[in-house]
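S.K.: Quick one: the structure is below, questions incoming.
Nothing in this text is a laboratory measurement; each read-out follows from the coordinates by a stated rule. Quick caveat: nothing in here was measured; it's all calculated off a predicted structure. Cβ placement follows ideal geometry from the backbone for every residue including glycine, while neighbour counts extend to all protein chains displayed.
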Amino acid sequence: MGAVLFGLLALLVLAGCLYQAAAAWQVRRFAAAPRPRPTARPPVSVMKPLCGDEPGLDRALASTLAQDYPAFQVVFGVDDPADPALAVVRALPPPPLGAEIAVATGPTGPARNRKVANLLSMWPQVRHEVVVVADADVRTDAAYLDDLVAPLADPAVGAVTSLYVAHPGAGRASRVAALGINHGFLPSALVARALGRADGCFGATIAIRRAVLEQGGGLAALADLLADDWALGAIARAQGLRIALSARPVEILVTEPGWRALFDHELRWARTIAAIDRPGALASVVTQPVALALLGVVLSGGAAPALALLALAAGVRLAAVRVEETALGLPRCGLGDLALREILSFAVYAVASAGRTVLWRGRRFVVRRDGTLEPRD
């Protein structure tokens, strides 16, 4: 390997090490920040689109109902009246005083984004001025709605979103998937906000004022977009409003049936990000110093400087992961799982950078440059 190429790789690896240190510090700072209480507690409608009886669904839905909040509504929606998720909804405990449940059972409209199609069928039952869109697998504590409502006391805030911490289901693929969220997505989101990129919403949970949503064209404006969460944030930003971050992350259960399913899932995420911000997606390679250092070892034939660089990158990455685990209250991951995570992240990055096709719920789409979905089946 030439000296110039090795020098470039070395600079990228060192930048990646600095990034890992900054990310760990941001996670620690975020977890230690105080949890504000809202000055007002307006009624809230929580929209929960469902699709199938996912592992842990009963616990996730029950946690949404178990809120220490004076008045809220939870709207569940399915696009098929025979969906087994409805049985889980029927078996839920009665909601607390001041809460109510509504159920929408399709049929959904022609939106290419099936989640948004489900939300559109639920919308007529949404009653309150603060609207929360939350994924089915989100698990919360009793202060979840307070965390979302508190930032909305500032009239300059149009939407509030939550980070999420992943807990793995059975199998190694699930463990590796959870590592990608806890030590990839979550830290990078905090670093982006620290650098002034507070323009993103995260699909696990988004709270938005009804008036803001309707002024931006409502849910129908998201019908054919893959990145519906980012588009919700764009609606608020287009009105000169900020996107705030909830004080605490929610939790999700990650269950991947196998490595192919995991790769397809993460490829869809990566190409969604690339559709929104391709230069930023390409530049994100700097967040992977271990993979870059390993590439240097391969290209150099195992030269001593390259091996030293790899040792540095691996040590910094491991230290960052341990700090993040402590801050988030997570168990320690195994070194083998972490090594697989590093390899998979780089593979997803490489493949995502070279195409626009995604697989979603068994259907193949091409993500156009404007973020809309074009069916290919």
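S.K.: If I fit a long axis through the Cα atoms of helix 289-300 and take the longest principal axis of the Cα atoms of the chain, what angle between them do I get, 0 to 90°, rounded to 10?
M.R.: The two axes meet at around 30 degrees.
S.K.: Sort Tyr164, Tyr19 so that the residue with the fewest other Cβ atoms within 10 Å of its own Cβ comes first and the one with the most comes last.
M.R.: Going from least to most buried by this count: Tyr19, Tyr164.
S.K.: Still on this structure, I have one more. Per residue of the range 198-207, what does 6.51 cos²θ - 1.76 cosθ + 1.60 with θ = phi - 60° give for ³J(HN,Hα)? Whole Hz please, x for Gly and Pro, Karplus curve as stated.
M.R.: Taking θ as phi minus 60°, the curve returns 9, 10, x, 10, 10, x, 4, 8, 9, 10 Hz for the range 198-207.
S.K.: Using the alpha-carbon centroid of each, what span in Å lies between the range 257-304 and the range 19-78?
M.R.: 29
S.K.: Whole-Hz ³J(HN,Hα) for each residue in the range 24-40, computed from phi via Karplus 6.51 cos²θ - 1.76 cosθ + 1.60 with θ = phi - 60°, x for glycine and proline: what do you get?
M.R.: My calculation for the range 24-40 gives 4, 5, 5, 4, 4, 5, 4, 5, 8, 5, x, 9, x, 9, x, 7, 9 Hz in order.
S.K.: Once the mean 1/r over all distinct Cα pairs of the chain is inverted, what Kirkwood radius in angstroms do you read off?
M.R.: 21.7 Å is the Kirkwood radius here.
S.K.: Given H placed 1.01 Å from N in the peptide plane, which residues other than close sequence neighbours of Gly106 have an amide H under 5 Å from its amide H?
M.R.: Residues meeting the criterion, in which the H sits 1.01 Å from N, are Val78.
S.K.: How large is the helix-only mean residue ellipticity at 222 nm for the chain, computed as the sum of -39500 (n - 2.57) over DSSP H runs with n ≥ 4, divided by its residue count, in deg cm²/dmol to the nearest 500?
M.R.: After summing the helix terms and dividing by residue count, I get -14500 deg cm²/dmol.
S.K.: Taking neighbour counts of Cβ atoms within 10 Å as a proxy for exposure, in what order, fewest first, do Tyr349, Tyr144 appear?
M.R.: Fewest-to-most Cβ neighbours within 10 Å comes out as Tyr349, Tyr144.
S.K.: While we're on this one: What list of ³J(HN,Hα) values in whole Hz, one per residue of the range 127-136 in order, does the Karplus curve 6.51 cos²θ - 1.76 cosθ + 1.60 (θ = phi - 60°) give from phi, with Gly and Pro shown as x?
M.R.: So the J values, rounded to whole Hz, are 10, 9, 7, 9, 10, 10, 9, 10, 5, 4.
S.K.: Next up: At 4 °C and 1.567 mPa s, grab the translational diffusion coefficient of the range 37-257 from Stokes-Einstein with a Kirkwood Rh over Cα pairs, rounded to a whole number in µm² per second.
M.R.: D, rounded to a whole number, is 74 µm²/s.
S.K.: Could I have the simple spin-label model distance between Thr357 and Thr105, label points 7 Å from Cα toward Cβ, reported in nm to one decimal?
M.R.: For Thr357 paired with Thr105, the spin-label model returns 3.8 nm.
S.K.: Relative to the longest principal axis of the C-alpha atoms of the chain, give the angle of the C-alpha long axis of helix 304-328, reported between 0 and 90° and rounded to the nearest 10°.
M.R.: 20
S.K.: May I ask for the net charge around Leu145, where only other residues with Cβ less than 11 Å from the Cβ of Leu145 are counted and Lys, Arg are +1 while Asp, Glu are -1?
M.R.: Value of the local net charge: -3.
S.K.: For each of Ile273, Ile243, count neighbouring Cβ atoms within 10 Å of the residue's Cβ, then give the residues from fewest to most.
M.R.: Final ranking by Cβ density, sparse to dense: Ile273, Ile243.
S.K.: Right, here's the next one. If R₀ is 45 angstrom, what is the calculated FRET efficiency for the pair Leu8 and Asp68, using the beta carbon separation as r and rounding to 0.05?
M.R.: FRET efficiency, Leu8 to Asp68: 0.25.
S.K.: Now for a different question. Under the rule of at least 5 residues apart or a separate chain, name every residue whose amide H is placed under 5 Å from the amide H of Ala244.
M.R.: Counting only residues 5 or more places away or on other chains, the set is Gly158, Ala159, Val160, Thr161.
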